[in-house]
Each structure stands twice: as structure tokens, then as C-alpha cells.
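Derivation of every value follows stated rules applied to the coordinates shown; laboratory data play no part. Note that the coordinates shown come from a computational prediction; the quantities given were computed from them, not determined experimentally. As a convention, Cβ positions derive from the backbone with ideal geometry for all residues, glycine included, and neighbour counts pool all protein chains shown.
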Amino acid sequence: MAELSDTRSDTALEPIGAVRRTQVGREATEPMREDIRLLGAMLGDTVREQNGDEIFDLVERARVGSFRVRRSEIDRNELAQLFDGIDTKKAIPVIRAFTHFALLANVAEDIHRERRRAIHEAEGEPPQDSSLAATYLKLDAADLDSATVAVALTGALVSPVITAHPTETRRRTVFDTQHRITELMRLRAGGHARTDDGASIDIELRRQILMLWQTALIRLSRLKIQDEIETGLRYYPAAFFEVIPQVNAEVREALRARWPDAELLPEPILRPGSWIGGDRDGNPNVTGDVVRLATGSAAYTAFAQYFIELTALEEELSMSARLVTVSDDLTALADICHEPARSDEPYRRALRVIHARLTATAAAILDRQPEYQLDLGLDRYFSPEEFEADLNTVDVSLCSNGSALLADDRLARLREAVHVFGFHLSGLDMRQNSDVHEEVIAELLAWAGVHPDYASLPEQERVDLLVAELSTRRPLIGESAQLSELATKELGIVAAAARAVDVFGPNAVPNYIISMCQSVSDMLEAALLLKEAGLLSVVGGASGDTPYSPVGIVPLFETIDDLQRGASIMEAVLSIPLYRDLIHARGESQEIMLGYSDSNKDGGYLAANWALYRAELDLVEMARNTGIRMRLFHGRGGTVGRGGGPSYDAILAQPPGAVKGSLRITEQGEVIAAKYAEPRIAHRNLETLLAATLESTLLDIEGLGGSAENAYAVLDDLAARAQRAYSDLVHETPGFVEYFKASTPVSEIGALNIGSRPTSRKPTTSISDLRAIPWVLAWSQSRVMLPGWYGTGTAFEDWISEGDGRLEVLQDLYRRWPFFATVLSNMAQVMAKADMGLAARYSELVEDEALRRRVFDKILAEHDRSIKMLKLITGQDDLLADNPALARSVFNRFPYLEPLNHLQVELLRRFRSGDEDELVQRGILLTMSGLATALRNSG
């Protein structure tokens, strides 16, 4: 692997259907190709030095062969034969080489995006869509009045929610090394040959690549939930601590400058969340102790950062009382510190008081203590607001006495950080399946003598019983209750959540999410669990005599059926006076979560996307009729099959009224690292979320006008057709489950200990019980990408064939309607990453030839049909015409995925034939990690 990009001309490399790049395009991307060549040469040298000529030559033969396959110079089977019977000890370094290439290619692509953005800005070009600068221009042109903006942005919130994911298995060491390589490449892109301390950048790059090569990519032991918690928290010191306070301040200042009399965004609009350690839907490893660890570790991370910043501030603010004037409040704060050596340094003494009080706070509420503490025997803070108030005292004194320039630096960032992160860092959502709630509540009601068989009751009787229980002060059980293991565990979890709220503040556990929510009783069962833990008070709560809970009860509508009934369920629950009082006490705010993954697994890509859009339309109408402020939480995965795709386009594709200044969105898997591992990249991606939210809230973007209902009717028809085609394959084709299990690595995802949770919610082989992540991940690894497109080709082809002018209707919708354009664009991205030739290799793992032909022939025919329809509707012969960045990525890196796929098939065949060699299993896991890294959104 002397180089990681082919040295022949671009014309010679041009694959069928690839973007025909102009000379300008080639010149624009040449720096990226140079970076790839540089990193590839260094990696190749490292492989040769560390593993010898034989392994290097094998890697090179695979690399050259992959490019020859792309140019159709050799048959794919010829490359596959290179790995037939390969010694596993030789296969492992080959897999690692191509996996490391994917990682280094990610770095090169990220640096290139930064480079191109800087060039655009330097040349004075208009700001690009999805940037806040472009959004501000659009808002200025719209000439909005202050009152409209103030109402629209009441309670504004944009919250990326970090979730665990089985393909993000990189160790922290690898994560940190990649970060150092990125920093070095950033310096190099800026024209530097040496680092700030004089070291050669190229030598440092070689050093880091050597370190990367000599570090194991993945853990040998099963990933524990504790590891996932640690992984999720690493993004705070890596990027979030620097970027989130900065972006919050920038947006607030920009909006207040435009509408100065509106006092916009009194609370931070950008606030992160997490599911890691609180999401127990199908994960038996989440316990009360895990909830305590997750919330405690998050708080520890916040305090550790605060101590670092306070220590630095104390060193910086060395001003002498002989030279500056300070406020009376600052003097009073400083005088609490009796240190003669600092008697002339009021700001340092004030900061030491703050530092010492925060130390006392940490000692009182944290299970482990961070570094840089200062014990002066002072009282603790009882809320982050008290901490912030003392910091504000320092700020006011500085600003009032000629030192505003100092106040606007580190102190300003720390104040913003405390405002958004508090003592809790990020809100940990609780989530559990409604079936579990029903079982636990039935047991509690039976133990308390309320009803012996709650599960047998019809829905209305359940609701009446639950409302009656929620209306009383008494708990159902006491400490002496003898309960099942399940009930004991669930009560322990909500008790740990209650402790977190009490210790770290109400934002520590903001939401309780009900998976597979299908009825009013499903919501009230969760409410009763919260009441049992003391998280829901009947009387005497924060709003007087009305029910109150600091934890929001959030239904998650997942299947297509449930999405269609979501609005009616919400109207029914909001008609219950007790629940409506609960919502009133929470500022009339109700969050509702929409599940992209299970709806897709249930009905296919087009049907799921349209069911979500229709559900949002219905929910917007419901919110309008009931007078609540609705916030939607989008359960999107990394891949398009689970709701992924460009966030900006996805948010703008929401129905009118669905955003309303607030939006929560899950971030999963490799997407988290791709978006948030670096401050500059994190800033850009968080900016994108905010830009889209502001535009969706304040501008008319649907573009359908009076023809909306006609467009909706067309999609109703298309979605129904697509769902029938999808169901014909997935739910009705005999042997489909067997085909899926044999032709993908779905079984190995569980067997090889990837992630902390089982691959299925229940111990069954049903597709409906399989978790969405392994469903999508397995199809991604085998390069079929089925959840991102199957059924659409048949739907479009059949609908167009039934009437003249129908193609023109779809072409018009594609031009005018962001939703439809985004659906097709995301589908095109998926299909560009699919590879039916490689998929055929995986199908050969199915021993039953008749079954193989029955299923794979259907997949192949629908794939061809879907591509044909995409090109017909969009009028573009290139799938990635609207996404040149992905086109570059596919062009530059996809030949390097090919060896990983062939090696995965070879090792799967060995593993399934009974080869128990640990290296075989490790090789499969490495191929999964490598493909996930290369695809960047595989699950």
C-alpha cells in the first residue's frame, strides 16, 4: 500500500455512472488526493516495516486488484480468489491495513471540507446553505417582526442525543491518535512543515501512524455498558466543552442583534443529551447501579472541566487591587478567602472561594473526585445557579471597571458552560418497552391488593384504574414488598433516576421514553412508575395542588400502525384532566418521539418515511387543537434505513409546524465520531442543526402551497404500493429469515460480543423482534443496503404506468417539495453505496440454492428497478449528482472496501463451518469495524 489512491489518471479510473468531473473539479479535489496519497504512502511504509514484504505485497495486490475490478479489467471472482484459503494470521494485518486506510481517508476528507470552506469564505462567496451565516441572510430577507420570532422561539431547544452503538468500537487510544493525526494534517494544510515546538510534521505523522498500527483497534472482551458510557462522554473534552457554549453565545447574540426588544433565548438553545446507561429497552445490562454510574460519570466530567477552567482563570486574573478597582460584591466574595499572600489580588481570592465551594459541592454529590480541587473548608453550592451567580459577580466587576476584554475570554466561556451543562452535564433519558411496564405495573397492583389481574382488563378500565392510582398520595408498595426480579430491577432504575434528579438537578433525567407506545394506558403506566419513585407528585408539587413531574413522559411511536394512531392517542391522554394538569405544570410542553428504525423494518423505506410525515402532520394538528407546545424527538440512526442522511435536509423536509423552535435528534454510531470528534467539525455540524431548526421554524419551506393535499394523496398511494412490495419480500417470501441470517453477518453481530445489548428484544428469530441496529448493520455490511431503498422501484414503476402524465407529477414534486427531494436524495446515496456484485458473494453463503435464487433474484430486480426510477424522476443519470462530497468519497475510497468484504465472507464461511480459532472471530469483528468506519453511517 505504497499509496492509497490509484496513480492512473482520473479518466482511466472513472467508473460507470460516476460524476464526470471538470478540470476545475479535479483541481479542487487534488489537495485531498495528495493528502490521501501521503497518508497511504506512510501507512504502506509502516506495514512493510512492521509486517514484512510478504504482507505488504499481499496488501498491494489486493489494492491494485480492487482498482482493476472498478475499471472492469478483471472479474471480481479473480480478486476474491486472492483470499481463498488465506492463512488467518496473514488475513488479520490485511484487514487492519484497509481499516486504517478508511480511518485515514476520513481524516483527509474532513480536512478537505475545511479547506474548501475556507477558500469559499476567502473568495467572498455567499455563505453556503446549512451555515448560520446563510440562515441569517434568509431571516433578514424575510423581514420578520419581533413578536412573531419571540413566540416561535419560546422554549427553543436543539438537542443532539448521543446513543450507544455496536459498530463504534474504537478504543480511546485510537480515538486520540486519530485526533493527533487530524491536527497534524490541519497544520500541513495550512502550509506548515513543522509543529509549534519545531518537530517535522511528516515525521510526527509517521510516528502517529506507527502508533496507530501497533495499537489494537478493538477490545478483545465484550464491550460493557461502562465502556459505552465512557465512549459517549469522550466527546465533551474532545469538542463539546469548547464548541457548545461558543455556538450558544453566537446564536443568542446574532438573534438579539436582529430583534433587540424580544429578549430571545434566555436559556441555551443547544443542549446535548444521552441515552447511554438509561436506555434499557431490550438491554438487561442497564440497572440502577448503571444509571447511577452514567449520571455520576457525566457530572464528574462536568466538574473536572470546571476545575481545569477555574485553575486557569486563577492564574490569569492576577490583577492587583493597587492597580484596578473592583465592585463591592467582588470584594465581599474575595474576603471570604483569608490568604495573606493574596491579599492584594481580589480576583484570585474570589476565584479561590468559587473553586473551594465547587470542591465542597463535588465532595457532597460525586462518587469519585476530579483533580485540581481546592479545600478551604467552605460551604458547597446547592445549585449550578449559585455557582453561576458567583461567576457573574466576577464578570460584572471586570466589565464595570475597564476589564471587559478579560471577561469576554475564558470567564465568558465558563459562564456559558455552566449555564448549559450545570452539574449534570447532559440529560440522561430513561427508556423502556411498554410490555415491561405493563408486566411490572400488574405485579405492583396485585401486590398492593388493587387488582389481581391488571393485564386482563380492557383499555378503558386500565385507564380508569391508573388515573385513580395517580390521584392518590399513597405508594403501592413499601420496603418489605416481595417482588419479582424484573419489578425489583425496574423500581431500582427509576429510584436511581430520582436520586440523580435530587442530587444533580431536574435536567439530569429530563425524559422517560416509552418504546412501542400503543395506548393511553402505556403512558399512564410509566407515570405510575415515576410516582412510585417519587418523581411524580400528586399534590403539593412545583405548581401547587396540581400533579407535577420534572421528568417528561414521552411516547415513542415506532411501527407504521402506531405512527398512524399517534395523534389520536395523544388527544385521548390529553383529555384526561390529571394528565392535562401534569402538562400544564410543565409549561404546556409535551415531547413525542418518532421511531425511524422500526417503522422502516416494519414497512420499508418509502412507507416508513411517509408514515412519519403523515404522523407529524396529524400531531401538528393535534397540538394546535389541544393548545400544547409539542416538541418532536426524531429517533434517527446513522444510515438512511434508520432515518439517517444529511441533517440539514432532513430537518427542512419536516412538515410545516413540526419544528417550532425545538428539536431533539439521536446521534448514533460512526456518525457521532464523524460529526463531533473535532471542535471545527463539531462546530459545523451543530451549526447545521441550528440553521435548519431556525429556518424550519421561521420560514415557509414546504413549497407545496395549495397543492399540498394532492401531493399527500400521491404519496399515500406510492407508500401503500411500496409497503406491499417490501412485505412481499420480507414478511411473505418463504425462507426469507433464513436467507437473511445466512447471507449477512447478523448472527455474528451477537455472537462476537459487539456492543452491550442483545441483537433481539426477545429470544426469537422473528424479524419484528430483531433490533433495528443489527437489521440495518447486517444489510450494510453485505452491501445490499436493503432498508434504504427496497420497494420504491416497484411503487414508482407501477404508479407511473397507470396513467399519462404521472411521471411529470413526480418530477414536479421532486423539484418543489423538500420532503420528496430528500427522500430520493437519501435513497440515491444508499444505492450508490450498495454493490450487488459484492452482495452476490454474500448470497453464496446461503447453502440452499433454491432459496438463494428466490430471494436474491428479487433483491437484484428491485435494485435495478429502483435505480431506473430514480434516474427517471430526478432527470439525473448520476446517482450522486446532488452530493459531490459523497461522490468524491465513493470514488476515492470504495475500492478499499472491496478486500474487507471478500475477507469477511471468507472468515464467515470458516466460522460457520466450525472453525473456532480466536483469530477468525477477531478477523470478522475487524472487518465489521473497518466497513463501518469506511461507510461512516452503517448502522
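A few comments on the model shown:
- Backbone amide hydrogens, once placed in the peptide plane, bring residue 553 within less than 5 Å of 512, excluding anything fewer than 5 places away on its chain.
- When the chain is reduced to its Cα atoms, the Kirkwood hydrodynamic radius in Å: 29.6 Å
- J(HN,Hα) series, segment 701-712, from Karplus relation 6.51 cos²θ - 1.76 cosθ + 1.60, nearest Hz, glycine and proline x: 10, 5, x, 9, x, x, 9, 4, 5, 5, 5, 4
- 822, 195 arranged by Cβ crowding within 10 Å, fewest neighbours leading: 195, 822
- Counting Lys and Arg as +1 and Asp and Glu as -1 over every other residue whose Cβ lies under 13 Å from the Cβ of residue 195, the net charge comes to 0.
- Residues 437, 584 in ascending order of nearby Cβ atoms (within 10 Å, fewest first): 584, 437.
- Our note on the geometry: Cα centres of segment 267-336 and segment 367-431, 7 Å apart.
- A straight line joining the Cα centroids of segment 44-113 and segment 812-848 runs 26 Å.
- Candidate lysines - alpha carbon under 19 Å from residue 138, same-chain residues fewer than 8 apart omitted: 660
- For the pair segment 561-610 / segment 456-479, the C-alpha centres are spaced 22 Å from each other.
- Mean Cα-pair separation over length for segment 432-635, i.e. relative contact order, pairs under 8 Å, 6 or more apart, %: 19 percent
- For segment 432-635, share of DSSP beta bridges that run antiparallel, in % to the nearest 5: 10 percent
- When the trypsin sites (Lys or Arg not before Pro) in segment 410-475 are filtered for DSSP coil states and for at most 11 other beta-carbon atoms within 10 Å of their beta-carbon, the remaining sites are 473.
- Helix-only arithmetic for the chain: the sum of -39500 (n - 2.57) across DSSP H runs with n ≥ 4, divided by the residue total, places the mean residue ellipticity at 222 nm at -19500 deg cm²/dmol.
- For segment 226-282, the set of GluC sites (Glu not before Pro) satisfying both a DSSP loop assignment and a count of at most 16 other C-beta atoms within 10 Å is given as 263.
- Amide H contacts of residue 194: 201, each under 5 Å away and 5 or more positions distant or on a separate chain (H built 1.01 Å from N in the peptide plane; Pro and chain starts excluded).
- Under a 5 Å amide H cut-off, with hydrogens placed 1.01 Å from N, residue 546 pairs with 540, 541 among residues at least 5 apart or on other chains.
- Where both bridge residues fall in segment 491-599, DSSP classifies roughly 25% of the beta bridges as antiparallel.
- By the count of other C-beta atoms within 10 Å, a proxy for reagent exposure, 211, 523 are ordered fewest to most as 211, 523.
- Only beta bridges with both residues in the chain are counted; by DSSP, about 10 percent of them are antiparallel.
- Stretchable slack from residue 50 to residue 815, in nm (0.36 nm times residue separation minus alpha-carbon distance): 270.0 nm
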